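Here, each number is a calculation from the coordinates, and none is a lab measurement. The shown structure was predicted, so the numbers you read here are calculated from the model rather than taken from an experiment. Every residue, glycine as well, gets a Cβ built from its backbone with ideal geometry; the counts of neighbours run over all protein chains shown.
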Amino acid sequence: MTGTLILAALQVATAGVSRVSLRVPDTVVVVDTVALRETAVPTPPAPRVTFDFGGGPSAPVAARQFEITVNGAAGAPAAMRGHAAQSGPAAQLRIVRSPDSLSTELARRAVEGARLPEVTMQLPGNEDGLGVVVHLYDVQVLSSRLASNHDDAPLRERQLALDEAIDQIGVDLDEAQRQLGVVESLRKRDMSSSLELAHAKANVAVLTRKLGIQRERLALLNAELSRWAPVQEETILAGARVVIDGR
């Protein structure tokens, strides 16, 4: 009887009103947005370089930057270009990396002109992990230069901006998830339209996508920062012969 009276009172109070606006309690929606934000994005691998000083290859070292120039005689057949060392080196390799235990030996060979039997660079591949391997033989160290590196300041500013953006999108996504739960609850009672439900779902999808993109950007930036060092070493090498293996 009480329920009938309440329903009658609502009908009288809302006469002539096209839609009833009711505030419903917050609805708990079980969506693991924390797991979404904490999902690890694969870090892109850095190129790896190994040096052979005559006693076997060294441990691979990461190259922050690299540039390979393969030289060839103009007009020579492709099969002969690797043997065009008479007019200069077959290839030059420029690498920028953090100084390590190999720096002294590379500087010594640059001064004395002593050559390395081989230098190998492993270039990162696609998702399958397969890449290209570049072999330089009879390698001369043309130069070895140490320089201060202040590239971290703009990188850290971008990192702070991305952290702030991710936090804000996370807050917006939480609210969108809550609103979606409210709309779904009202929809079950025929108190919201299918258009409102579709809009709420689309809003959650857009924010989820934005969050994923920002996380990927942050992962790439963190990978770049992980390779940063206050001092960087630039080494330029020239090989009399080059072999490129495509995996």
Ala165-Glu196 FRET efficiency (beta carbon distance; Förster radius 30 Å; 0.05 resolution):
0.60
Over what distance in Å are the Cα centres of region 135-156 and region 195-247 separated?
22
Mean Cα-pair separation over length for region 152-226, i.e. relative contact order, pairs under 8 Å, 6 or more apart, %:
47
How big is the shadow of the Cα convex hull of region 165-247, averaged over all directions, in nm²?
10.6
Considering amide H positions built from the backbone, and no H for Pro or chain starts, which residues 5 or more places from Gly131, or on another chain, come under 5 Å of its amide H?
Gly125, Arg247
Region 150-191: radius of gyration and largest Cα-Cα distance (Dmax), Å
18.1, 61
What are the radius of gyration and Dmax of region 118-204, computed over its Cα atoms and given in Å?
26.6, 79
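In Å, what Kirkwood hydrodynamic radius results for region 122-165 from the alpha-carbon pair distances? All intermediate terms of the calculation are to be shown ahead of the outcome.
Numbers: mean 1/r = 0.0667 Å⁻¹.
Hydrodynamic radius (Kirkwood, Cα only) of region 122-165 equals 15.0 Å.
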